[in-house]
Amino acid sequence: MQRFLIAFLLFMLPLSAHATDAGWAALRDGGHVVLLRHAMASGSAEPANFDIDKCNTQRNLSERGKQQARKLGALFGARAAPIERVQSSRYCRCLDTARIAFEAEAEAFPALDPMNGDEAEKTKQKAAIMDEIRAYSGSDLLVMVTHLENIQELTGVSPREGEAVIVKPQGEGLRVLGRVVF
């Protein structure tokens, strides 16, 4: 069993490195949309007194998450095409990720908030994000800072905190061009 596990892990190493290389290549090329999961946050669920307008009632970036956002921004600045626009969920951990990483205020886009549990609302939310992605035609990058469940719903990918998933429209959905883990 141990040999199987070691062989599996060795097999997976080149795949994750390749995914990162493909991700950086797509970021350098520009003209794409980046679905960015917010940087590391404390806790795992919103507090009972959650208020979208009050950061002290939400899960926020941890100190490690703030460092991750700075690193993310530095790497984007050094290795990626320029960023044309940054949109974000209204949650403070997403807005803070955008502000720290890209040193600019992101445009709050409510559709990037965590997916609604109601199927009809989820469908509307997903459609709003897809409309925005399809409408993007710039030569630089559109970065959308959002949450795990949104990226999963749109791409089938489960990104880590602070991971970028580079996409482009394909048919009714999205094609994942690459991923970058920070």
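Here is how the numbers come out for the structure above:
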quantity: Solvent-accessible area of residue 146 with every protein chain in place, 1.4 Å probe, in Å² to the nearest 10; calculated: 0
quantity: Listed residues 102, 50, 76, most fluctuating in the chain (Gaussian network, C-alpha, under 10 Å); calculated: 50
quantity: Highest-first arrangement of 92-100, 119-127, where packing means the average Cβ count within 10 Å; calculated: 92-100, 119-127
quantity: Convex hull volume of segment 71-155 per residue (C-alpha atoms, cubic angstrom); calculated: 94
quantity: Over the chain, relative contact order from alpha-carbon pairs under 8 Å, at least 6 apart, %; calculated: 32
quantity: Nearest-0.05 FRET efficiency for residue 53 and residue 128, computed from C-beta distance (R0 22 Å); calculated: 0.60
quantity: Spin-label pair residue 153/residue 64, simplified geometry with 7 Å Cα→Cβ offset, distance in nm; calculated: 2.8
quantity: Separation of the residue 71 and residue 140 label points, Cα + 7 Å toward Cβ, nm; calculated: 2.6
quantity: Trypsin sites (Lys or Arg not before Pro) within segment 19-65: DSSP coil, no more than 14 neighbouring Cβ in 10 Å; calculated: 54
quantity: Radius of gyration and Dmax over the Cα atoms of the chain, both given in Å; calculated: 16.6, 52
quantity: Cysteines not pairable in the chain (beta carbon separation under 4.7 Å absent); calculated: 94
quantity: Estimated 222 nm signal from helices in the chain, with DSSP H stretches of n ≥ 4 weighted -39500 (n - 2.57), rounded to 500; calculated: -15000 deg cm²/dmol
quantity: Among 58, 170, 68, residue whose mean-square fluctuation peaks in a GNM of the chain (springs only between Cα atoms under 10 Å); calculated: 170
quantity: Near-label residues of segment 147-166 by backbone N, under 18 Å of a point 7 Å along Cα→Cβ of residue 119; calculated: 153-154
quantity: Estimated FRET transfer efficiency (residue 175, residue 25; beta-carbon r; R0 22 Å; 0.05); calculated: 0.95
quantity: Two-site FRET efficiency, residue 79 against residue 168, from Cβ-Cβ distance with R₀ of 22 Å, rounded to 0.05; calculated: 0.70
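The values are calculated or read from the model by the stated rules, or taken from the named source; none is laboratory data. Since the structure is predicted, the reported quantities are computational estimates derived from the model, not experimental observations. Positions of Cβ are backbone-derived with ideal geometry, glycine not excepted, and every protein chain shown enters the neighbour counts. For accessibility, only protein heavy atoms count, side chains too; no ligands or nucleic acids. Shrake-Rupley method; radii C 1.70, N 1.55, O 1.52, S 1.80 Å.
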